[in-house]
1. Restricting to the stretch B:561-577, name every residue that is of a type outside the set (Ser, Thr, Tyr) and crowded, with 22+ Cβ neighbours inside 10 Å.
2. If we scan the stretch B:289-296, do we find a residue that is in contact (Cβ under 8 Å) with a residue 60 or more places away in the chain and either of a type in the set (Asp, Glu) or within 14 Å of chain A (Cβ to nearest Cβ) (or both)?
3. Exactly one of these conditions fails for residue A:636: (1) away from chain B (no Cβ under 14 Å); (2) charged (D, E, K, R); (3) over 19 Å from residue A:78 (Cβ atoms); (4) surrounded by fewer than 21 Cβ atoms within 10 Å (Cβ to Cβ). Give me its number.
4. Out of everything in the stretch B:569-583 that is in a strand (DSSP E or B) and over 17 Å from residue A:624 (Cα atoms), what residue ends up being nearest to the other protein chains (Cβ to nearest Cβ)?
5. Among the candidates A:528, A:536, A:596, A:586, which residue alone is over 27 Å from residue A:34 (Cα atoms) and assigned to a strand (DSSP E or B)?
6. Any residue in the stretch B:211-226 that's within 12 Å of chain A (Cβ to nearest Cβ) and within 19 Å of residue B:198 (Cα to Cα): show its pairings with residues that are part of a loop (DSSP other than H, G, I, E, B) and aliphatic (A, V, I, L, M) at Cβ separation under 7 Å, as long as the two are six or more apart or on different chains.
Number of protein chains: 2
Amino acid sequence: MKRALLLLLLAANAFALEGKWTPQQVLKLDAAWLKKEGLQLAPSQLWDPARGSGLLAATIDTGGCSGGFISADGLFITNHHCLFGILQEHATPQDDIITNGFLAASRDKELKGSTSRIAVPHKFTDVTALVLAAIPPNATDAERARAIDRKASDLVAECEKQPRTRCRTAAFDGGAWYTLIESIDIPDVRLVYAPPRAIGEYGGETDNWMWPRHTGDFAIGRAYVDGKPYKPQFFFPISTKGVKPDDFVMVLGYPGTTYRALTAAEMAERRDLFFTRRQEVYGEWIDVLQKATAGNSAGEIAVADNVKTLSNRFKNAEGQLAGFKRGSILEKQQARNEKVLAWARTQPKYADALAAHEGLAKMIAEQRRTWDHDFLLSHTYASTVAASPLGPKALYLATTVVRNANELQKPDAQRDTFYMQRNQASLQAKMRREQKNFFPAADKALLESFIRRAQKLPAEQRIAGIDRLFPDANVAARIDELYAQTKIFDENERMKMLAETPDQLKARHDPLVDLGFALDADIRDLLTRKENWDGTVSRLRPAWRRAVEGEAGKPIAPDANSTLRVSFAHVQGYAPRDGVWYRPQTTLAGVVEKDTGAEPFHAPESILEAAKAKRYGQWKDPQLGDVPVDFLADADTTGGNSGSPVINARGELVGVNFDRVWENVANDFGYNPTVNRNVNVDIRYLLWILDQVAHGDGLLRELGVR
Amino acid sequence: MKRALLLLLLAANAFALEGKWTPQQVLKLDAAWLKKEGLQLAPSQLWDPARGSGLLAATIDTGGCSGGFISADGLFITNHHCLFGILQEHATPQDDIITNGFLAASRDKELKGSTSRIAVPHKFTDVTALVLAAIPPNATDAERARAIDRKASDLVAECEKQPRTRCRTAAFDGGAWYTLIESIDIPDVRLVYAPPRAIGEYGGETDNWMWPRHTGDFAIGRAYVDGKPYKPQFFFPISTKGVKPDDFVMVLGYPGTTYRALTAAEMAERRDLFFTRRQEVYGEWIDVLQKATAGNSAGEIAVADNVKTLSNRFKNAEGQLAGFKRGSILEKQQARNEKVLAWARTQPKYADALAAHEGLAKMIAEQRRTWDHDFLLSHTYASTVAASPLGPKALYLATTVVRNANELQKPDAQRDTFYMQRNQASLQAKMRREQKNFFPAADKALLESFIRRAQKLPAEQRIAGIDRLFPDANVAARIDELYAQTKIFDENERMKMLAETPDQLKARHDPLVDLGFALDADIRDLLTRKENWDGTVSRLRPAWRRAVEGEAGKPIAPDANSTLRVSFAHVQGYAPRDGVWYRPQTTLAGVVEKDTGAEPFHAPESILEAAKAKRYGQWKDPQLGDVPVDFLADADTTGGNSGSPVINARGELVGVNFDRVWENVANDFGYNPTVNRNVNVDIRYLLWILDQVAHGDGLLRELGVR
């Protein structure tokens, strides 16, 4: 046994297939190598750029999630949580489809999601030269960033003149190249099947990031065009044979954001400052909010969203730091960087990489000089209309009111997007909504923590407005005064403020609004510096990445940027620690074993009954002796891959990706083959439920299974 | 891989070797079967009754633990915690051998344990006929129990007239047979080697019962006779090759107590009442004591022992109940019982088994009638002088003072042992010592919980003395009065009470002492009933067990009773739950991985350094690529097996047993082959430390390793 495991571990290293490959890159990969890894198709069957077709064309973007077509009549599969919005829209107390699940009895009973839409990939055009040509000579870095943004927008606007087309100019590795992506926009999406919530979310937060896993995180929708089922160019046939350990699989989808192209100096900033400070500050803030609301249910509800987001980021920061350590991620990046630098020094063609690397290091050094100032300040304003900063509401409301007054002075077209006329209604709604998240005792406690941190900043990083209002250690008392004096927490007064000019606002002599003015100048300065750094990256990263690829002598997959990618992988378990082996597959028996009769482990009676009666139908895996539920593979995934179709060597659907394991959370920075595992639901679990529990015979027929 | 695991799981079932066999039984087992399982010795090499020798003769009783001779000059190995007393005896602030460990530089530097002694097995004689002949005709069950006890004591007294001989009359399966066991008594035991505590207890309470495990729970002593190293008849040569998965091993030792011979009705009482009530009551008492002492360090210290014992029993009860469920232990016993009953009905020779089974059921039914009364009452008095009951000190002190006064009225020989003249000093010391465990607020809270439970007993189970003193719901106030009025918490007054006659005690009109008198009558009644039940069991169990063995048609190992046993096993991992496989071996890398720099995971720097430098010497396992630390086997063990030598198919020492896994805690009631695993330290971990870290060259030479 031990020997078998060891061989497998060795194999695991041999199998390590780092990379989220773009459709264009797939065609450049060594076909013989892919065949050796297990692919039984020609790479051109994955993507045919001439026709805009192939397996990748069946991989859709559902808006934050991925999905895949699975029938000629536009059926697609994705995660349960990716179509959850449609369930929410149609659930009623009389027909609680969230709890009970949903299966459309016929096509006319399918449930339309009013805001759901999908995009089907169609065409990828390299527009790097066009974008770069738009940068004026001698542009500063900030001007450069703005020029690139403008050109990207222009290309999209021109492209979207085509009917039913959604376009995007995507930057790869911070500007190493730009691609104009054209997709077919399908705004009519309907829910066909969703399991009961207790299946789709089995294990809930407790099992999130964990293995072994027993979640049936799947749902099926259908795309419609002009009221008729959409006929995709390609769809994935369902494999009824499923997977077994060591099987070759591919995960297709739209991974969100990764950071592997960062230099070691940039990664060090993430590890030593970004995640470390998040862990420290958010840990404190969670504590502050919980203590300030303990035993007061109105208070607990008011801060619940903020505590949840803080907790998620806190846990993520912990995981990232542990992953950095476990995978020696920074040390390895350092070593790789050194190797590339040494190589580039001998290659005149790549001489600019040396300057680029130095320039990025200088940028990081500059960021570090004001790092803690900028980090604190970034918690006083929202980066989008929808989001709220995690800091005190007092500062958020004040900076928003002031910024709005300032922006309203400008012609509409010159304003920051959030403050344009078309967004004013959303902004006002948001400013009203914040009232229900405001609980004075909690906000005061959070502000006190914020002020005390601001007072500890080194002299050259002090926030002047804060220092003025809080000149001494007497913070709590001054906060009480401030909250007593300001009118900004009065919803009607706040709405009035949103219509006032800067002079009118100043004439109020409201101390919190005055602080808003002081902070606004700092914020604008920070935003300018950020824009400048974006420009710096777009100027320097390309040369550096060219050298990295040059030294490697083979294609390197760019960082994830929510564009279509494919990852090649194998079904396999892993050793989370000495003495323990996580098997790559779980079974129905495990669902029963975990069941406690209470959330989040409260499986529907119908499932437990069928399991108890061993009513497996044809879905019993011969090796497992049971219905398979979830499986692990070493696919290179990240957030955004939720709902990704998982297909076998012949292009048949064998599963749906829905998570990564905890030990793998730092794979956004570096690929650690010993723990890089993604979590997938086995398609046979869905088929078993449809067949033996939900009795979805019509659906099974359409899937070609009956 | 999966296939390999499945094959292994199937194999695991085939390997399931239930049974803690007695030396005599080993000779009756099928030699061909043992050979097939892996034994490479003749069974007679395990035990030669004529010479009182063989491998089993090298297996010693260290008093609560097991051990094994490992050199011709009396070296023996056992667990670290089994020789911990000697470390405590000799440790000083200047020479902290507990923390640093100890290695005798030469024989004259070995450390004698003033209370340590060992017993070497020598002779086993069946005395069943002698014991049974001592029972008077028409004896009641209580008289029967007393007659058996007396005869057993007489046999021991006669036997111990031999020099240097320790004897015991052991009852097997409640009296199915009796064996007189003669051992060589060696009272001169010296410590030769103990690792640092951070090795010997690595993982502490956190890892207790857990796998994966990384504890170096071993120590080496030497037996001396007349000041010279003892020359054992047999010793285990050390295997330097160690073990690998699937290897055949044997675990030899003195397992304490198991309950597999109970009928299903008796097991139901354990599951549904005994463990269930312990979980419920002890859970509440832990809570009560913790709340009553929270924030008061004197209080916390006073109740620490009680809380620890309650917590251990609470956790154990939880594990037993979970194990009963996991292994369907009661249901399987029920099915086996039915089978035996059906068979016995067709066998005139076993007709008495039917009546015996019914008699045992009647006894249980009788116990159930007063079960909750008896359970509560049993927490008011001590079952030995050393132990304290887990209930309130108030009741314990009161019942002890009263019982002592009553017993002192009798001639010394007729008293209960605890109150005989020779034990009066210990009793008084104990009654003094209890002062430091007394914290009024905690004891009042515990008494209140006790009283409230007593008040909820059904009418026919009420405790009269309690009802009299606590007639209504006004419990807390009455307790305050009681504690204010009684003198029993005054140490000097209590010592005076221990010298008084019952009349003198009564004349005090101390309300708590008066309650003691009322409870004493109940307690004596309970003790008589218990004695009666012991007699019932000794009368009925033998017939029932004969039928069980008759139906099986092969030897059945009797329940553990602290006598010498051997278990046949294989090295193998297990699946604690769906999707997880516990590998059967851990490594040095795992010690480093767990190290946090703080207790209980604070490995000595010397170990971490040697691991980091990969200074493995010859001790690297070729398959593991590292020094092995602990391993699992499916040996049938229980408490008392601590320190048991683990030997390979050729009789060489490969490890030392020190624990079971959590999923296996209910194996005292039934053997569940899928999770029955014991935890052993790999002898190569000891050898590696002696070789590469402690530089114990002389010791290694004596072990034949150099």
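1. Listed by number, the residues that qualify are B:564, B:565, B:566, B:568, B:569, B:570, B:571, B:572, B:573.
2. No, the stretch B:289-296 contains no residue that is in contact (Cβ under 8 Å) with a residue 60 or more places away in the chain and either of a type in the set (Asp, Glu) or within 14 Å of chain A (Cβ to nearest Cβ) (or both).
3. (4)
4. Out of the qualifying residues, it is B:582.
5. A:586
6. Filtered contacts from the stretch B:211-226: B:211/B:661.
Residue by residue, here is whether (1) within 26 Å of the chain's Cα centre (by Cα); (2) of a type outside the set (S, T, N, Q); (3) at pLDDT 95 or above holds:
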position	(1), (2), (3)
A:532	yes, no, yes
A:553	no, yes, no
A:558	yes, yes, yes
A:570	yes, yes, yes
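Results for (1) under 30 Å from residue A:441 (Cβ atoms); (2) modelled with pLDDT of 95 or more; (3) hydroxyl-bearing (Ser, Thr, Tyr), shown as yes or no for each residue.
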residue: A:325; (1), (2), (3): no, no, no
residue: A:346; (1), (2), (3): no, yes, yes
residue: A:354; (1), (2), (3): no, yes, no
residue: A:362; (1), (2), (3): no, yes, no
residue: A:369; (1), (2), (3): no, yes, no
residue: A:378; (1), (2), (3): yes, yes, yes
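The values are calculated or read from the model by the stated rules, or taken from the named source; none is laboratory data. What you see is a predicted model; the values in this text were computed from it and never measured. Quick reminder, even Gly has a Cβ in these numbers, built from the backbone with ideal geometry, and neighbours come from all protein chains shown.
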